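*Asks:* First the structure, then my questions, so here it is.
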Amino acid sequence: MKKIIVLSFILATAFSCKGKKQERESITITTEEVADIVHYLASDELKGRNTGTDGIDKAAAYIEKQLKSYGVNPYFDMFLDEFKFKARAEDSIKGYNIVGYIEGNDEKLKKEFIVIGAHYDHIGFGKPVENDSIANGANDNATGTSAVMTIAKYFATKKSNKRSVIFALFSAEEMGLRGSDHFAKRLKSQNIDLYTMINFEMLGVPFKERDYEVFLTGFDKSNFASKFNEYQGSNIIGFSEVSKQYNLFKRSDNYAFFQEFNVPSHTISSCDLTNFDHYHKVGDESGAMNFQFLSNVINSIIPGIEKMINTPTKEIILNEE
Ligand SMILES: [Zn+2]
């Protein structure tokens with residue numbers, strides 16, 4: 001009897017450990033949840049999320065509510081990071097970044113930060129086509145926003161990050177990278193130890209005939225892509241000739257962090273404008289998105305981010321010019 005009891009105790013313990021471990025390791029972002037986020041942000045109700053309008057305020061309220069529901073904390077006293085800027089000479093516009101935070105779980109490494117970001121604003125209205133004038137901004141950049149939100153959900157659930165992670169959704173990107181500029185400066189004034197900044201843009205449509213899933217802007221500026229692919233175990237991130245030609249490195253929200261902190265700061269995207277006809281047009285709608293691809297990309301990127309957040313030393317570094 002004794003033996004059996006001991007054995008069954010061991011078995012029970014083994015099974016319960018295994019059960020817990022599996023539960024912790026099997027956090028997958030579903031196609032349905034990213035589709036839900038993009039559907040709402042790109043709905044006609046939000047009227048193209050132009051900064052300074054009711055539509056973007058609704059988007060901000062939604063993003064904040066979702067982050068709270070995942071268990072993400074605000075980075076500042078509250079989620080909203082307000083800034084003002086003049087778009088034209090006469091009128092001043094108010095914008096709001098939404099900034100969440102998950103503190104690292106390692107006493108030493110938690111003093112180092114990674115910013116994961118995407119802009120959630122868009123251009124509002126576009127040139128009408130068949131009575132539709134709302135530029136919904138599904139690809140640009142409800143998809144990138146959904147990536148940041150679901151990655152935040154992943155880490156809020158798993159709590160596996162040794163370094164601290166900031167999740168930033170920027171406003172007024174379309175008005176000249178205003179939100180990220182403001183936020184990077186605000187972070188710099190706190191003098192935080194920023195390791196890297198990863199920005200997401202337009203992930204809703206796959207490339208055809210490339211040997212990678214997404215490209216990295218500023219590919220040559222650091223060893224980010226090679227390290228990331230090594231962490232992740234496949235060739236997910238590649239080089240885009242178009243991105244280099246148009247210097248997309250300087251055209252999104254990663255750039256302010258590179259300028260302020262001089263650390264590896266890049267945008268990850270699957271759209272260099274060669275594979276999407278609706279850029280800044282009214283046809284950039286949910287119906288044009290491939291949500292299966294979007295969720296696959298997010299799920300493929302997470303393991304690389306997780307390793308990056310947890311390496312004992314900062315392995316991603318700028319290349320010498
Ligand atoms: Zn964009």
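*Asks:* For the Cα atoms of the chain, what angle does the longest principal axis make with the long axis of helix 144-158, in degrees from 0 to 90, nearest 10?
*Replies:* The helix 144-158 is inclined about 20 degrees to the chain.
*Asks:* Scale the Cα Rg of region 28-310 by the rule-of-thumb value 2.2 N^0.38 Å and send over the ratio, two decimals. Let's see the in-between values first.
*Replies:* Working: Rg = 17.3 Å, N = 283, 2.2 N^0.38 = 18.8 Å.
Against the compact-globule rule of thumb, the ratio is 0.92.
*Asks:* Applying a 10 Å radius around every beta-carbon, put 171-181, 212-222, 236-246, 137-147 in order of their mean neighbour count, most first. Spell out each step's value before the answer.
*Replies:* On the way: 171-181: 23.5, 212-222: 20.8, 236-246: 16.2, 137-147: 30.9.
Put in order of decreasing packing, that is 137-147, 171-181, 212-222, 236-246.
*Asks:* In Å and from the alpha-carbon atoms only, list the Rg and Dmax of region 249-306.
*Replies:* Looking at region 249-306, its Cα Rg and Dmax stand at 14.4, 39 Å.
*Asks:* Could you bin all the Cα-Cα distances of region 94-244 into 5 Å bins starting at 0 and give me the percent of pairs in each, rounded to whole numbers?
*Replies:* For region 94-244, the binned pair fractions read 2, 8, 14, 18, 21, 17, 11, 5, 2, 1, 0, 0 percent.
*Asks:* Please compare each pair in LYS84/LYS158; LYS47/LYS84; LYS162/LYS188; LYS110/LYS185 to a cut-off of 26 Å on the Cα-Cα distance and tell me which ones are over it.
*Replies:* Values: LYS84/LYS158 36 Å; LYS47/LYS84 21 Å; LYS162/LYS188 21 Å; LYS110/LYS185 21 Å.
In this structure, LYS84/LYS158 lie more than 26 Å apart at Cα.
*Asks:* List the pair-distance distribution P(r) of region 203-321, using every Cα-Cα distance, as the percent of pairs falling in each 5 Å bin from 0 up to the bin containing the longest distance, rounded to whole percents.
*Replies:* Histogram of Cα-Cα distances, whole percents per bin: 2, 11, 19, 23, 21, 14, 7, 2, 1, 0.
*Asks:* Starting with the fewest neighbours, write out GLU45, GLU32 ranked by other beta-carbon atoms found within 10 Å of each beta-carbon. Don't skip to the answer; put the middle values down first.
*Replies:* Values: GLU45 12, GLU32 9.
Ranked by crowding around the Cβ, least crowded first: GLU32, GLU45.
*Asks:* For region 99-166, just run the numbers: alpha carbon Rg, then divide by 2.2 N^0.38 Å, N being how many residues it has. Intermediate values should be presented prior to the final figure.
*Replies:* Numbers: Rg = 17.1 Å, N = 68, 2.2 N^0.38 = 10.9 Å.
Cα Rg divided by the expected 2.2 N^0.38 Å: 1.56.
*Asks:* Going out from 0 in 5 Å bins, what whole percent of all Cα-Cα distances in region 189-252 drops into each bin?
*Replies:* 4, 14, 24, 26, 18, 7, 4, 2, 1
*Asks:* Right, next: With θ set to phi - 60°, apply the Karplus curve 6.51 cos²θ - 1.76 cosθ + 1.60 along region 124-137 and write out the HN-Hα couplings as whole Hz, x wherever there is a Gly or Pro.
*Replies:* x, 10, x, 4, x, 10, 6, 6, 9, 10, 7, 8, 5, x
*Asks:* Normalised by the number of residues in the chain, what is the relative contact order in percent for Cα pairs under 8 Å and 6+ residues apart?
*Replies:* Working: 643 pairs, mean separation 68.6, N = 321.
Computed over the chain, the figure is 21 percent.
*Asks:* Which percent, to the nearest 5, of DSSP beta bridges fully inside region 156-306 are antiparallel?
*Replies:* Working: 2 of 9 bridges.
The antiparallel fraction comes to roughly 20 percent.
*Asks:* What does DSSP give for region 28-310 in terms of the percent of beta bridges that are antiparallel, rounded to the nearest 5? Don't skip to the answer; put the middle values down first.
*Replies:* Numbers: 18 of 39 bridges.
So the antiparallel bridges amount to about 45 percent of the total.
Every number here is computed from the coordinates shown, using simple stated rules; none is lab data. Keep in mind that what you see is a predicted model, and the values were worked out from it rather than measured. Here the Cβ is made from the backbone with ideal geometry for all residues, glycine too, and neighbour counts use every protein chain on show.
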